[in-house]
Amino acid sequence: MTRDIYMDHGATTPLKEEVLQEMLPYLKEIHGNPSSLHRFGREPRKALEKARERVASALGAEPEEIYFTSGGTEANNLAIQGVARALASRGRHIITSAVEHHAALDAVEYLGSNGFEVTFLPVDEYGMVDPEEVSSAINDGTILVTIMTANNEVGTLQPVEEIGRICRAKGVYFHTDAVQAIGHIPFNMEQMPIDMLSLSAHKFYGPKGVGALYVRRKTRVHKLQFGGGQERKLRPGTENVAGIVGLGKAIELVTANVEEKSRNLSRLRDRLVEGLLELPDVRLNGHPTRRLPGNVNVSVFYVEGESLLLSLDMKGIAASSGSACTSGSLEPSHVLMAIGLDHQAAQGSLRFTLGEGNTEEEVDYTTEAMREVVERLRKMSSVYKK
Ligand SMILES: *Cc1c(COP(=O)(O)O)cnc(C)c1O
């Protein structure tokens, strides 16, 4: 029997049927432009505001603080480049970490080569940023600190509340990329010292190509695009109505009973970790406990991650590797390098990201499949002499 086991929820998640059902009318009969004053505009306009309320309510925020974007990448760019544009006359220093997603890292690097000064904070062996280092990196010219809530590769959770408190005390804006964290960690923006937060629907069973940026009231952000007056002039362009409706429904579903769901998913994750660590010469990457409930990242020594992936794929298991294969060159991940792995350990790394559909049976099947595949690949390996 061929299996169909999806363990790559960190890359994207399947669209939920209930989400699709809410979206469909906005792709079919309700075709109006939300900005139209006639009756065709009324329903899509109402739908946008309902979605905005749902996102706000899921975050403990106000609807006026939610701006829809085309996804996590745009939300990060809007926050980072938007603050840089708004505050360039006040200061030109930005602080981030070495393990951010490229959607934040590359935006900051771009600013770094265009008149801004950037501090890339190192992380410890678990991928964690030290809040003390954030504190001492802040200077008179610092305008923004951007540190992700949860790492997409190794799953490590950052001490964002502590970092946020430090930023607030020093009067510096704090943005967090929470794309991986939504649905796993509860948020309450009213109480959390976070000025801006990015999220993306397709990482929590919503549609692709839609996300949002939370912007605390009175935070100064400049728009990046010019056009109409949509999204209170911060993000012009006719809204992706169906996508936004899907985002609203998806976030409502995924943030219900977060603690309980996270506990269950963590149990599944720990079962997989235990199984994998029983294999010889395998290490867990990322923090042992302060990590995303669905994230398992391991280095399998003396084996290529890519070969592992392909062999697992033949057994019906979809995972991903730590070496982002960009333009054909096997460049080891900046995250694995930042936590101190050598090239060999980074090349042999594998990420399983569990989600709502996965079962204990699938976890056990995966552990067994890994045992077989790893043994076979090592037998063929010239470097493995055990
Ligand atoms: C997926 C992801 C993004 C990018 O989101 P898109 O909606 O795919 O643009 C940004 N940050 C993190 C941490 C992610 O996992």
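The values are calculated or read from the model by the stated rules, or taken from the named source; none is laboratory data. Please read all numbers here as calculations on a predicted model, not as lab measurements. So basically every Cβ, Gly included, is an ideal-geometry build from the backbone, and we count neighbours across all protein chains shown. Only protein heavy atoms, including side chains, enter the accessible area calculation; ligands, DNA and RNA are left aside. Shrake-Rupley method; radii C 1.70, N 1.55, O 1.52, S 1.80 Å.
Listing for the model above:
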quantity	calculated
On Cα atoms only, tilt of 72-87 relative to the major axis of the chain in degrees	50
Distance from region 334-386 to region 113-129 (C-alpha centre basis), Å	28
Kirkwood hydrodynamic radius of the chain, Cα pairs, Å	21.8
Theoretical gain in end-to-end length, ASP140 to THR359 [0.36 nm per residue, Cα-Cα removed]	73.7 nm
Label-point separation in nm, VAL118 to LYS379, each point 7 Å along Cα→Cβ	4.7
Given charges at Cβ of Lys, Arg, Asp, Glu: region 17-254 dipole, positive-most of TYR205, THR69, GLY171	THR69
Environment charge of VAL210, counting only residues whose C-beta is closer than 10 Å and scoring Lys/Arg +1, Asp/Glu -1	-1
Charge dipole of the chain about the Cα centre (unit charges at C-beta), most positive-ward option of MET314, LEU279, LEU121	LEU121
Cα centroid separation, region 279-303 to region 37-68 (Å)	40
Amide N of region 10-24 lying under 17 Å from the label point, which is placed 7 angstrom from the Cα of LYS46 along Cα→Cβ	22-24
Entries in LYS261/LYS379; LYS16/LYS46; LYS16/LYS379 that, when Cα-Cα distance is taken, lie over 30 Å	LYS261/LYS379; LYS16/LYS379
Folded to 0 to 90 degrees: helix 39-59 orientation relative to the chain principal axis, Cα	50
Å² per residue, accessible surface of the chain at 1.4 Å	44
Interchain or long-range residues, amide H under 5 Å from GLN230's placed H	GLY237
Carbon + sulfur, % of accessible area of the chain - ligands and nucleic acids excluded, 1.4 Å	50
Qualifying lysines (Cα of each under 28 Å from Cα of LYS170; at least 8 residues distant if same chain)	LYS218, LYS223
The chain: relative contact order in percent, alpha carbon pairs under 8 Å with at least 6 residues between	22
Hz values of 3J(HN,Hα) by residue in region 209-214 - Karplus curve (6.51, -1.76, 1.60), Gly and Pro given as x	x, 8, x, 8, 10, 7
Angle in degrees between helix 241-254 and the longest Cα principal axis of the chain, rounded to the nearest 10	60
Environment charge of HIS343, counting only residues whose C-beta is closer than 12 Å and scoring Lys/Arg +1, Asp/Glu -1	-3
Net charge, GLY183 excluded, C-beta distance under 14 Å - Lys, Arg +1, Asp, Glu -1	+2
Antiparallel %, DSSP beta bridges [both residues in the chain], to 5	55
